1. Taking a 1.4 Å probe, which of 98, 279 shows the most accessible area, and what order do the others take after it?
2. If the elastic network links every pair of Cα atoms under 10 Å, which of 55, 230, 176 fluctuates the most in the Gaussian network model of the chain?
3. Residue 94 versus residue 285, label points 7 Å from Cα toward the beta carbon: distance in nm?
4. Hey, what's the Cα Rg ratio for the chain versus the globular rule of thumb, 2.2 N^0.38 Å?
5. What is the percent carbon and sulfur in the accessible area of the chain, measuring with a 1.4 Å probe over the protein chains and ignoring ligands?
6. For the pair residue 225 and residue 18, how long in nm is the line joining their label points, each one 7 Å along Cα→Cβ?
7. If you build a Gaussian network model of the chain, linking Cα atoms that sit under 10 Å apart, which residue out of 173, 261, 222 swings the most?
8. At 1.4 Å probe size, what's the solvent-accessible area of residue 338? Round to the nearest 10 Å².
Amino acid sequence: MTELTRRPATQGKSHYSNGLVLAVAPMIDWTDRHCRYFHRQISRNALLYTEMVVADAIIHGPRERLLSFDCDEHPVALQLGGSDPVKLAEALRIAGPYGYDEINLNVGCPSDRVQSGTFGACLMLTPEVVADCVKAMKAVSKVPVTVKCRIGVDEQEPVEALPELLARVLDVGADAVWIHARKAWLKGLSPKENREIPPLDYGIVYRMKERWPEVFIGINGGIQTLDEAAAHLEHVDGVMLGRAAYQNAGILADLDHRFYGAPAAEPDWDGLRDRMMAYAARHIESGGRLQHVARHMVGLFAGLPGARRYRQILSSDAAKAGAGPEVIAAAFAAVDFSGAKEALSA
C-alpha cells in the first residue's frame, strides 16, 4: 500500500466559497486513492471524491485502508453511505482526523447492495431521514456537509420529490447539493442502466437553482465535454464529470485554465509520466502492484495516434507479476503527442 500522509482540510466553506466548482464524481470501483492521485496530476483545482464508503465499514472495518489518502489529493471529499444518523455521525468523527475537505451523503446510488441497506437512492423516498442524517453530520463536522441525489426514484414525480428533499436538507444546514439529473429506477434497471436509460432532465436542476439562488447547486449526469460544462455553468454553480473524466482523463488537462484562471500551457506529459512512475514505485515498494495504479490511466490518450498501443501496454504488461514503473514509460513512449491538447479538449 502506498505510504500516505495527511494534512488538515481547509475549515469552513473552502472550495464552495468561490461559487464555482468543477468536480470528478464519486464512482464505485473507480475513484479510489490511485485514481484520485492520477487525476490530481492533471488538474490542480478539480474537486475529487472518494468512492462511497459505508458508515458501518468505517466504524467496524479497516479504517486506515478505507480513509487514508495522499495529501496531494486535496481538495478531496469523502462520500458516505448510510441511513442511520447516529452511525453517520460516528463515521464522520472517525474520518475527521484524516483531513477531508468535505463530507458528502450519498442519496443517489441505485445498486442492489445499497438498496438492501436502505440507503443511497432509496433515501429519496424518505427526505425526513436524509434531513436527520445531515443534521447529525453537521453537528460533528468541521468541514462542509453536502448531499448528492437524484431527481427522484421509481414513480416519484421529480417536480415534487426533488424540491421537498432540498427544502429539508437545506433547512438543517446542508452546505451544497449535487444533483444527478436522472431518476433512479430501483425496480427493473441495473446500476449501469440507471446511468444511461432514465432520461436526463437538466431543466429541473436549473429550476432548483432559480428557487434557491443563494445555495450552491451542482449538476451531474451525461456531461461529456468542457464545452458542455461551461454551458451548464450558465445556470448552476458546479459541474460534476463522471465517466467522461474517467474514461478520457485528458479532458481534465484544460480544466484549470478554462475555469480557474490558470495560465494557458501545453500539458506536461513528460512530467505526468515521471510523477506517476514515482508514485507507482512508492506503491510497489509498499507491497502494492503496478496494476492498482495503471488501470486508472488506460483512457488518458483516447483519440491520439498510438493510444491503442498505450492501452495495450498498460492493460497487459502492468498486470504481469513483477511489473514496475518502466511499463508506464513504455506506454507513454507509444503515443504521438503532436496536437494532443486540441484533440483531448475537443
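1. The ranking, largest first, comes out as 98, 279.
2. Of 55, 230, 176, the Gaussian network model singles out 230 as fluctuating most.
3. In this crude label model, residue 94 to residue 285 measures out at 3.1 nm.
4. Here the Cα radius of gyration is 0.97 times the empirical estimate.
5. 51 percent
6. For the pair residue 225/residue 18, the computed spacing is 2.4 nm.
7. Residue with maximal mean-square fluctuation among 173, 261, 222: 261.
8. For residue 338, solvent-accessible area is about 80 Å².
The values are calculated or read from the model by the stated rules, or taken from the named source; none is laboratory data. Keep in mind that this is a model prediction, so the values were computed, not measured. Cβ coordinates were reconstructed from backbone atoms using ideal geometry, including for glycine residues, and neighbour counts include every protein chain displayed. What goes into the accessible areas is simple: the full protein's heavy atoms, side chains included, and nothing from ligands, DNA or RNA. Shrake-Rupley method; radii C 1.70, N 1.55, O 1.52, S 1.80 Å.
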